[in-house]
Amino acid sequence: MGYNHNFSGLTEKLHCVMPVQWRKFENALIAHWEATGDRGATGQYVSANPRLSIFFDDMSSVAATTENETHRLARSIFVPAGMELRTCFSKPLSFAHVDIHIDYSWAVQFLSSTMPRSTAVQILERSAERNDVSDIEPLAQLLVQEIRNPTRHDLFVESLANCLISAMLDVDHRKPDTGNARLTAAQMRKVALRFEDGGGRRLSTAQMASAVKLSESWFSQVFKNTTGMSPYQWQLNKRVEQARNLLSGTDLSVADIADRLGFSDQAHLTKAFRQLVGKTPASWRRDQQLR
């Protein structure tokens, strides 16, 4: 991750009234523009990164075209990565705006902390606009002040940008309905591989979720939909299965097996084994040897 600016713009009859002021951060570049446009002025813009623009003036006299649809330019717009935006001025206009250019990978991770990754990707692929910016304009003004005259830590500026991004995008405040949502076979393989790489030791739910790049809360719910078990229960079954293989295929003591599989002690393994198999490890091993 790390922001890499890749933006192109072609304009006619648009003029900056002062040099653009900008600051680059780990996951974003924020720029403040003040400009004028003549009647008939045009702009054509495209970026490899998604971006959010908030205008401090009425832009309704400007026609904006995205994906072959033309409409009045809103006070705040979100343009997905790779989407071309074209503008045309119907009358002379002086205006100012702040642009937040966002690293795409970071944006996916940022949104995925509260929703499924697939939903985050879908949101970032949709353009969005708002004409009522009364609630976010003060934040945008604060952002501009820090770009023009930095007085606070970068964290303050990045937090302002994050607030504006989450306010602008179609982020539902309601908890997503897991319904019948399930992990794909490929995702389950990644989880299983991550568990196997740990040698049978228990992983945290966060570690399992990171294997498929999902938030911990969402992963827990869809994992249970998929397996019928919680992450903890699923792992316990796997660990006891590995204990059975070691009991029948090696001469390791029950204490050594417990240590290898990350159980706190022999008693911990014995309790889990009896719960799932119905016998103690030692008793189960004897039965196998008599066969």
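The values are calculated or read from the model by the stated rules, or taken from the named source; none is laboratory data. None of the values given here were measured: they were computed from a predicted structure. Cβ coordinates were reconstructed from backbone atoms using ideal geometry, including for glycine residues, and neighbour counts include every protein chain displayed. Areas reflect the complete protein model, heavy atoms only, side chains present, ligands, DNA and RNA absent. Shrake-Rupley method; radii C 1.70, N 1.55, O 1.52, S 1.80 Å.
With the structure loaded, tell me whether Ser112 is touching a Ser or Thr at 6+ places or on another chain (Cβ under 6 Å), of a type outside the set (D, E, K, R) and at pLDDT below 90 or whether it fails that test. Talk me through it step by step, then tell me what you get.
Details: touching a Ser or Thr at 6+ places or on another chain (Cβ under 6 Å): yes; of a type outside the set (D, E, K, R): yes; at pLDDT below 90: yes.
Yes; evaluated as a whole, the condition is true for this residue.
Within the range 199-212, which residues are of a type outside the set (A, V, I, L, M) and surrounded by fewer than 15 Cβ atoms within 10 Å (Cβ to Cβ)? Result: Gly199, Arg201, Ser204. Going by the conditions given, is Arg239 free of Cβ contacts under 8 Å to residues at least 40 places away in the same chain, in a helix (DSSP H, G or I) and open to solvent by 50 Å² or more (accessible area, probe 1.4 Å)? So Arg239 fails the test. Pairing residues of the range 150-161 that are open to solvent by 70 Å² or more (accessible area, probe 1.4 Å) with residues that are not in a helix (DSSP H, G or I), at Cβ distances under 9 Å and at least 6 apart in sequence or on separate chains, gives Pro150/Arg23. Of Gln221, Gln233, Gln266, all but one fail to be surrounded by fewer than 16 Cβ atoms within 10 Å (Cβ to Cβ) and either of a type in the set (S, T, N, Q) or in contact with a strand residue (DSSP E or B) (Cβ under 7 Å, 6 or more places away or on another chain) (or both); the exception is Gln233. Name the single residue, out of those in the range 1-31 being basic (Lys, Arg) and either open to solvent by 50 Å² or more (accessible area, probe 1.4 Å) or over 24 Å from Trp106 (Cα atoms) (or both), that is modelled with the highest pLDDT. Among residues in the range 1-31 that are basic (Lys, Arg) and either open to solvent by 50 Å² or more (accessible area, probe 1.4 Å) or over 24 Å from Trp106 (Cα atoms) (or both), the one modelled with the highest pLDDT is Lys13.
Checking the range 87-95 against the condition returns no match, with no residue being surrounded by 15 or more Cβ atoms within 10 Å (Cβ to Cβ), under 24 Å from Tyr3 (Cα atoms) and either touching a residue at least 12 places away in the same chain (Cβ under 8 Å) or not aliphatic (A, V, I, L, M) (or both). Inside the range 101-136, can you point out the residues that are surrounded by 17 or more Cβ atoms within 10 Å (Cβ to Cβ) and more than 17 Å from the chain's Cα centre (by Cα)? Glu129, Val133, Ile136 - these are the residues of the range 101-136 that are surrounded by 17 or more Cβ atoms within 10 Å (Cβ to Cβ) and more than 17 Å from the chain's Cα centre (by Cα).
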